[in-house]
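Right, one structure below, let's go through it.
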Amino acid sequence: MPLHQSDSIILKTYPLGEADRIVAFFSRDHGKLRGVANGARKMTNRFGASLEPMAHSRIQFFEKENRDLVRIQSADLLDSPMKLFQDYDRAVCAGRLIELVDRFLPEHEPQDAVFRLVRVTARALEQGCPIEFAACYFEVSMLRLAGVFPDLFVCSACAKRLEAGDERFLAPGLQAVLCSGCDHRNATGILGEVVELVWWILKNPLDGDGGGVDRAVRNLHELNEYWIRHYSER
Ligand SMILES: [Zn+2]
């Protein structure tokens, strides 16, 4: 039974019996895992706040052959999510982050880019980044890393490269774009400011508010919701 250690983000926990907890966590080196933390439900336990959802903790665990669940030996809190959870709206946003990571990540697959994205988004939220913008930034990046975000900068019919300012349309099904020169009779228009917002998100780290116009952020968030649903249904 080899002992592993990895920086991790806690996703969810469930009670197990009287005293134990099952913990779903996203480890930097081993990807998403689930493990049993013995005694974690007792009033005084050795895990403290290190297994709270969204906590950044260094987890030591044993992996057993042919078992789905690892055994969590110890957990040291590196960064507490407490500040995030002091504000209702930020807490809801953090909860959604966890939900998406849990939904999009396969188990046992390290995804360093996603790990960094979660950490950066949590920090931005703590530092007062506008919530809707942070959520939008996270969704676009997560969908893109999962290979679900459509390429808005190449026409899917004629392969022409599109600049941020060019007119384009979302093809039926909203999975690809069409340029104004191709047949777009059944396609849907997409706001220029939404394309510019996506362009900004793809090119810049998450700080400030990206100059995101409210309307563009709202509109892009609705599109993200559509792609997230579509992904879950396939
Ligand atoms: Zn075209």
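Every read-out reported here was derived from the displayed coordinates using simple, explicitly stated rules and does not represent laboratory data. This one's a predicted model, so the numbers in the text were calculated from it and none came from an experiment. Cβ: placed from backbone, ideal geometry, glycine included. Neighbour counts: every protein chain shown.
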Cβ charges +1 (Lys, Arg) and -1 (Asp, Glu), total dipole of segment 3-126, debye: 160 debye
With Cα atoms, 0 to 90° folded angle of helix 192-203 axis to the chain main axis: 40 degrees
Residues with amide H under 5 Å from that of Ser74, placed H, sequence gap 5 or more: Gln60
Kirkwood hydrodynamic radius over Cα pairs of segment 121-234, then Stokes diffusion coefficient at 10 °C and 1.306 mPa s, in µm²/s: 109 µm²/s
Simple label model, 7 Å out from Cα along Cβ direction - Asn204 to Gln5, nm: 3.9 nm
Karplus-derived HN-Hα couplings along segment 56-73 (A = 6.51, B = -1.76, C = 1.60, θ = phi - 60°), whole Hz, x at Gly and Pro: 9, 9, 8, 10, 9, 8, 9, 9, 9, 5, 6, 10, 6, 9, 8, 10, 7, 8
HN-Hα J in Hz across segment 82-91 - Karplus 6.51, -1.76, 1.60, θ = phi - 60°, x for Gly and Pro: 4, 4, 5, 8, 7, 10, 4, 5, 5, 5
Solitary cysteines of the chain, where the nearest other Cys Cβ is not under 4.7 Å: Cys93, Cys129, Cys136, Cys158, Cys182
For Arg41, residues with placed amide H under 5 Å, excluding near neighbours: Asp20, Arg21
In Hz, Karplus ³J(HN,Hα) per residue of segment 24-30 (6.51, -1.76, 1.60; θ = phi - 60°; x = Gly, Pro): 8, 9, 10, 8, 5, 9, 10
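Please report, in debye to the nearest 20, how large the charge dipole of segment 2-46 is about its Cα centre when each Lys and Arg carries +1 at its beta carbon and each Asp and Glu carries -1 there. Walk me through the numbers on the way to the answer.
On the way: 8 positive and 4 negative charges, 22 e Å.
It works out to roughly 100 debye.
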Built amide H within the under 5 Å cut-off of Gly31, gap 5+: Gln111
Unit charges on C-beta of K, R, D, E only; dipole of segment 81-232, Debye: 160 debye
DSSP-defined antiparallel bridges as percent of all bridges, the chain, nearest 5: 90 percent
Count, lysine Cα pairs under 24 Å in segment 3-126, 8 or more residues apart or across chains: 5
